[in-house]
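Just below is one structure, and these are the notes that go with it.
The values are calculated or read from the model by the stated rules, or taken from the named source; none is laboratory data. As the structure is a prediction and not an experimental result, all values here were calculated from the model. No Cβ is skipped: glycine too gets one built from the backbone with ideal geometry, and neighbour counts run over all protein chains shown. Side chains included, ligands, DNA and RNA excluded: accessible areas come from the protein's heavy atoms. Shrake-Rupley method; radii C 1.70, N 1.55, O 1.52, S 1.80 Å.
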Amino acid sequence: LTPTYYMSFADNDLRRDITCAKYSHANDTIAINRANAIGVGKWDRALAAKSLGKESSKGTGINWPLMRYSDVLLMLAEAENELNGPTAIAREALTQVRARAFKGSPTYDADVTAYVNGLTGHDDFFKAIVNERAWEFGGEGLRRFDLIRWNLYAEKLETTMRQMLCWGI
């Protein structure tokens, strides 16, 4: 994952430290990554609550999700926004996804309620969905296809490259 992706998260977004791993595994030991290397930490075998078993996908103990409820909610929000603008249905779907991400945050109202209510038009709401899908599905292999579907792939790639060049990476 890129440092620009890591920095795009809010500091109190619970998804950031689950999705972005600043460590790696070497011979069953965890090592801190150096030189801005950020790996995908989601579904990390070393953090599994139970022992890994052969009945799971590839013996890892982690079954790859085919579809997640948050994906359904964000698809609903996107479709509703495209058809009717940011309606109450679209806002509720986006709120449910963000509510889980900021659960227990001292700034929950600002990060969830005020954020969603502050999205006034179709374009603002669409940009919020683009960002939310990036944060929610990081490391799951959906982002490239989302960006191609929205015709934003080249734009986002160039923006990331320019930002990393500015940072000297």
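Considering only residues in the stretch 80-102 that are more than 26 Å from Arg16 (Cα to Cα) and hydrophobic (A, V, I, L, M, F, W, C), the one that is most open to solvent (accessible area, probe 1.4 Å) turns out to be Leu83. Condition test on Leu74, is it farther than 22 Å from Thr4 by Cα and within 13 Å of the chain's Cα centre (by Cα)? Yes: the conditions hold for Leu74. The residue that is most open to solvent (accessible area, probe 1.4 Å), among those in the stretch 117-158 that are of a type in the set (Val, Ile, Thr) and either under 24 Å from Asn12 (Cβ atoms) or not in a helix (DSSP H, G or I) (or both), is Thr120.
Give the residue that is modelled with the lowest pLDDT, with candidates limited to residues of the stretch 5-54 that are of a type in the set (D, E, K, R) and surrounded by 13 or more Cβ atoms within 10 Å (Cβ to Cβ). For the stretch 5-54, the residue satisfying everything is Asp44. Annotation: Arg162 fulfils all but one of (1) open to solvent by 70 Å² or more (accessible area, probe 1.4 Å); (2) of a type in the set (Lys, Arg); (3) touching a residue at least 12 places away in the same chain (Cβ under 8 Å); the unmet one is (3).
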